[in-house]
Amino acid sequence: MIQYPNGKKLISSSLRTKASTNFANRGMDFEGAINDSNAYYLSRKIAVIHKKPTPIQVVKVEYPKRSMAKITEAYYRQASTTDYSGVYRGFYIDFEAKETKQKKSFPLKNFHQHQIEHMKAVLEQKGICFVLLYFATDNRCFLLEAVHLISFFNGQISERKSIPLSYIEEFGFQIQPQLKPRLPFLAIIDQLIEGGKAYR
């Protein structure tokens, strides 16, 4: 059992990816698609992006067999920040990946204050920070820049407990899946960098 600690720029419309999805009722292993994409980028020396390991403190281990150990109780050593980080085109990349089964909005309860503070710190250092949001029911994935998430989380845009899908469609970027890489999110980062819109 793993327990979590308590504690609890507007972009030009010409840059937006309004592509329709082609997941076609087959669903997606969201984390697997991200990891496969990162492996693709790494193998072709395009970017170095890895999932961050989560440090845990093992408390109890059982040995059902002499050759096998089973962790039965562990605790997070510290609050996690974001899921992924790395380097691309000389930029530090940092992002969180979340999914929901809701259709019309993305719940803010999926994020924690320490994650928001981490994203703000990355942006202050001119890093590229964003979230990948996956709407599992409709098989749609969006990249939303962290500045938008932070503003919603802090109540600067709305007092809502979720980000409306309509907002994500307007200010985010829908990622059109493909064979390789499965989720070509760096193509969106290219647009932001080359358009001079990224993280100024």
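The values are calculated or read from the model by the stated rules, or taken from the named source; none is laboratory data. Quick caveat, the model's predicted, so the values are computed rather than measured. We place every Cβ from the backbone using ideal geometry, glycine too, and count neighbours over all the protein chains shown.
Some values worked out for this structure:
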{"read-out": "Sole exception among (1) under 22 Å from Arg89 (Cβ atoms); (2) out of contact with any Leu (no Cβ under 9 Å at 6 or more places or on another chain); (3) not basic (Lys, Arg) for Leu165, by number", "value": "(1)"}
{"read-out": "Within the range 139-172, tally of residues that are over 18 Å from the mean Cα position of the chain (by Cα), of a type outside the set (Lys, Arg) and not in a helix (DSSP H, G or I)", "value": "6"}
{"read-out": "Any hit, the range 53-65, residues being in contact with a helix residue (DSSP H, G or I) (Cβ under 8 Å, 6 or more places away or on another chain) and modelled with pLDDT under 95", "value": "no"}
{"read-out": "Pro177, sole failed condition from (1) out of contact with any Leu (no Cβ under 8 Å at 6 or more places or on another chain); (2) closer than 17 Å to Glu31 by Cα", "value": "(1)"}
{"read-out": "Number of the condition not met by Ser151 [criteria: (1) modelled with pLDDT under 95; (2) within 16 Å of Ile49 (Cβ to Cβ)]", "value": "(2)"}
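Residue-by-condition table, conditions (1) in a strand (DSSP E or B); (2) out of contact with any Cys (no Cβ under 8 Å at 6 or more places or on another chain):
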site: Ile116; (1), (2): no, yes
site: Ala121; (1), (2): no, yes
site: Lys126; (1), (2): no, yes
site: Leu133; (1), (2): yes, no
site: Pro177; (1), (2): no, no
site: Arg182; (1), (2): no, yes
site: Asp190; (1), (2): no, yes
site: Ile193; (1), (2): no, yes
